[in-house]
Each structure stands twice: as structure tokens, then as C-alpha cells.
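To start, the structure under review is shown below, and the notes come after it.
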Amino acid sequence: KEMLDLPSHFEGVIQDTASSATLCAILTAREQASNYQINQQGMNKNNYRIYCSSQTHSSVDKAVRIAGLGQENLVKVEVDKQLALKPDALQEAIESDLYHGLQPLCVVASLGTTGTTAVDPLTAIAGICQEYKIWLHVDAAFSGTALVLPEYRWMAKSLELADSFVFNPHKWMFTNFDCSAYYVKDVQALINTFSILPEYLKTKTRGQVNDYRDWGIALGRRFRALKLWFVIRNFGVEGIRERVRCHIDLAKELTAKIEQHADFKIMAPTLFNVVFFRFNPAIDSVEELNARNEKLLHAINASGTIYLTHTKIADNYVIRMVIGQTYVEERHVQKAWQLIQETAKILDSTE
Ligand SMILES: Cc1ncc(COP(=O)(O)O)c(C=O)c1O
């Protein structure tokens, strides 16, 4: 909490994944809003609405389905040019739902979307959630690690107004899978949602220690905190900062090189350690360009040397390169860039 400068009133529990943490957030929001009655009686009639941007990770769709709220009640709010949620559009969607007798339940804001690491405007979203008394869950699964750097704290402004927050040390904080740090404002709401006490779970220490089985879905738990503790001990806070800064610098250096190349194009801003680009020879057809980039991605991955992923921005196929391996150095990134250029050249000559 101190490392990321998270609000001091947050209380945390380690979950397996961000998907589980987000499910916990949505279930807690549901239970709190129903005065904990849905747990008892089931859902009679569902009026609840959940909001996130069109770029939000699919774990929210999954959580909404599992929580019995229904995919159709997940409102995908429009994004701006940077692919971040538009607060005006959020407010309009809420107003429209209220007008139609629906009940706004939860907003999920992303600090770093999966597709393009877009950062939703937290202060404006938190203001709306306060105004309409809606649960605010913040998904910082990947990019949340950047909060160790004071220069990235801007993205967490107003985080103290959030009801829940998740980030994954197993993504970009050098910790082996799985380890997801979940924080909540009101731990009692979390416990009221998940607590269940059969005879065989009554212990002498009840009330004196945190029974983490009541802070999430699973009963049995791995000792995930131990490996995270070793990571922090091994690198130290400054050491973690140094590595994270190094990854971001490497990503920015690669971005500059791609920008200078006539046949490649940067497709989204490099805010963190992920670079979004495509091979961009002079071809008019979007389909043809997309097909070339898909072929390029598969050829690069088939080399077995590096592994890249992709997304689509509007209709454009975009290749993503994540520079987040703990000990990655400039020479590795340079070698990867070399491979990308050479593979593109070979494919181009065979077209
Ligand atoms: C923004 C974001 N949220 C949630 C997730 C889901 O993470 P997990 O695999 O820990 O469930 C991801 C995974 O890529 C992600 O990028």
C-alpha cells in the first residue's frame, strides 16, 4: 500500500487473479445494494446496471455473467481518441437508465486497458459515482505497478473515492503467477458478502485474526504473500522502481525507433512499457494491411525468439510488444526490433 501510495484507509487481501478480484467487487456491490438479500433469496428481478468503457477487460463481462446480473446489463461506455472512457457518456448512460427505472450498481474504471493501456479519467468518474452513489471498482491489473513511480501517481488521483482496487504483482512486479492485490474501502461489506460459518470452520482465533476465507471466494488459500514479500525484499522499493522505469524507458526508446521507420507506424501512445505498432507499407486496403500484420505476427512468434500479441484499434490490426520481463535489457529490445524488421522485409518480398 505504501509502495504504491494507495489510500491509507484501504484494506487488502491477495487474490489469485484480477478476474476473481473484480468478481468479488461486483458481488460485494450487488450484496451491499440489496442489503445482502440476494445472497439469501437469490435474484427475483434484476434491475442492476454496470458500466465500463468499450475497452475494458473481458473479466468484467465474465464477472457480470457469473454474478447473475446478465451481460445485457453491462453498459459499454464510449471512449475518446485516447481510448479512455468519456465521463459525459457515462453520466448520460446513468441518467438514461435511471429514467427507465433501472438501478446503477457499479462502474469499473481502468488504469491501463489491456488493448492499449488507456487510462480512464478517475477524478471525473469518481465524482459521478459519488453523485449517484455507485460502487467504483478500479482495475489497474497491468499498469497499476507504475504507481510505484511518483511520476505516475497522477493516474490514481481521487483513488481514495474508489470502493475497490486491484493490481497484479504477477503481471509486472516480477512475482510468479498467481498474485493479485485487491484492496477495498469497506472491508465489512466484503466480509458480509463472503462470510459463511459452518461448525467445522469455527476456530478459537475467530475475531482475533483476519479469516481471509471470508474476504473472497476460495476457502483454502495459498501463501501468496510470501513470494511477493521475497520480491520486495530482494529488489527493495528502489530496486523495483529502477526496473519499472527501465522497462518504460526501453519502450519509449523502441517507440522512437519505430516512429523513424518509414514502413512502420506507432498506433497508440506509449504510456507504460507496451508498444503498439504495425507494419505500414504503402497499401490502401485496410484488409490487406491487416492480413499482412497478422502474417507478420505469426511469423515472428513462429521464430521462437520472441512472443508478441495483438489487438485491434478501430478496424486496424495492431501488434503489441510488452517490455516487462524482469531482467530485460536494451540489447534484447534491439534484437527483437531487428527480428521484426527482418521478418517484415522477408514477408514483403514474397507478396
Ligand atoms: C486490465 C486487465 N484487467 C484484468 C485482467 C485479468 O487478469 P487476471 O489474469 O489476473 O485475471 C487483465 C489481463 O490481461 C488485464 O489486462
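Scanning segment 161-174 for residues that are more than 16 Å from Met3 (Cα to Cα), open to solvent by 10 Å² or more (accessible area, probe 1.4 Å) and either in a loop (DSSP other than H, G, I, E, B) or away from the ligand (no atom under 12 Å from the Cβ) (or both) returns Leu161, Asp163. The numbered conditions (1) buried (at least 20 other Cβ atoms within 10 Å of the Cβ); (2) in a loop (DSSP other than H, G, I, E, B) are all true for Ser8 except (1).
With the condition kept exactly as written, say whether any residue in segment 147-168 is of a type in the set (Gly, Ala, Ser), more than 30 Å from Ala89 (Cα to Cα) and at pLDDT 95 or above. No, segment 147-168 has no match at all. Here Ser158 passes the criteria (1) open to solvent by 10 Å² or more (accessible area, probe 1.4 Å); (2) closer than 19 Å to Gln55 by Cα; (3) more than 15 Å from the ligand (Cβ to nearest atom) except the one numbered (2). Would a scan of segment 321-340 turn up a residue that is in contact with a His (Cβ under 7 Å, 6 or more places away or on another chain) and open to solvent by less than 10 Å² (accessible area, probe 1.4 Å)? Within segment 321-340, one or more residues are in contact with a His (Cβ under 7 Å, 6 or more places away or on another chain) and open to solvent by less than 10 Å² (accessible area, probe 1.4 Å).
Can you confirm whether Leu296 is more than 24 Å from the chain's Cα centre (by Cα) and either in the same structural domain as Gly115 (by TED's automatic domain parsing) or closer than 30 Å to Thr56 by Cβ (or both)? Criteria met by Leu296.
Taken over segment 18-47, the residue count meeting the criterion of being within 15 Å of the ligand (Cβ to nearest atom), out of contact with any His (no Cβ under 8 Å at 6 or more places or on another chain) and open to solvent by less than 30 Å² (accessible area, probe 1.4 Å) is 4. If you check Gln82 against the conditions, is it in the same structural domain as Asp139 (by TED's automatic domain parsing), under 26 Å from Thr145 (Cβ atoms), touching a Pro at 6+ places or on another chain (Cβ under 9 Å) and part of a loop (DSSP other than H, G, I, E, B)? Yes, satisfied.
The set of residues in segment 293-302 that are over 18 Å from Ile313 (Cβ atoms) and open to solvent by less than 40 Å² (accessible area, probe 1.4 Å) comprises Ala299, Ile300, Asn301. The residue that is most open to solvent (accessible area, probe 1.4 Å), among those in segment 233-292 that are more than 19 Å from Arg331 (Cβ to Cβ), assigned to a loop (DSSP other than H, G, I, E, B) and touching a helix residue (DSSP H, G or I) at 6+ places or on another chain (Cβ under 6 Å), is Ile283.
A count restricted to segment 175-188 and to residues that are open to solvent by less than 30 Å² (accessible area, probe 1.4 Å) and away from the ligand (no atom under 13 Å from the Cβ) stands at 2. If I filter segment 27-50 for residues that are of a type in the set (Ser, Thr, Tyr) and in a loop (DSSP other than H, G, I, E, B), do I get at least one hit? Yes, segment 27-50 contains a residue that is of a type in the set (Ser, Thr, Tyr) and in a loop (DSSP other than H, G, I, E, B). The single condition from (1) within 21 Å of the chain's Cα centre (by Cα); (2) open to solvent by 30 Å² or more (accessible area, probe 1.4 Å); (3) of a type outside the set (A, V, I, L, M); (4) over 20 Å from Asn47 (Cα atoms) that Asp88 fails is (1). Which residue is nearest to the ligand (Cβ to nearest atom), if the candidates are limited to segment 52-67 and must be without any contact (Cβ under 8 Å) to a residue 60 or more places away in the chain and hydroxyl-bearing (Ser, Thr, Tyr)? Looking at the filtered set, the residue picked out is Ser58.
The values are calculated or read from the model by the stated rules, or taken from the named source; none is laboratory data. Because the structure is a prediction, the values reported are computed rather than measured. Every residue, glycine as well, gets a Cβ built from its backbone with ideal geometry; the counts of neighbours run over all protein chains shown. Accessible surface areas use protein heavy atoms only, side chains included; no ligands, DNA or RNA. Shrake-Rupley method; radii C 1.70, N 1.55, O 1.52, S 1.80 Å.
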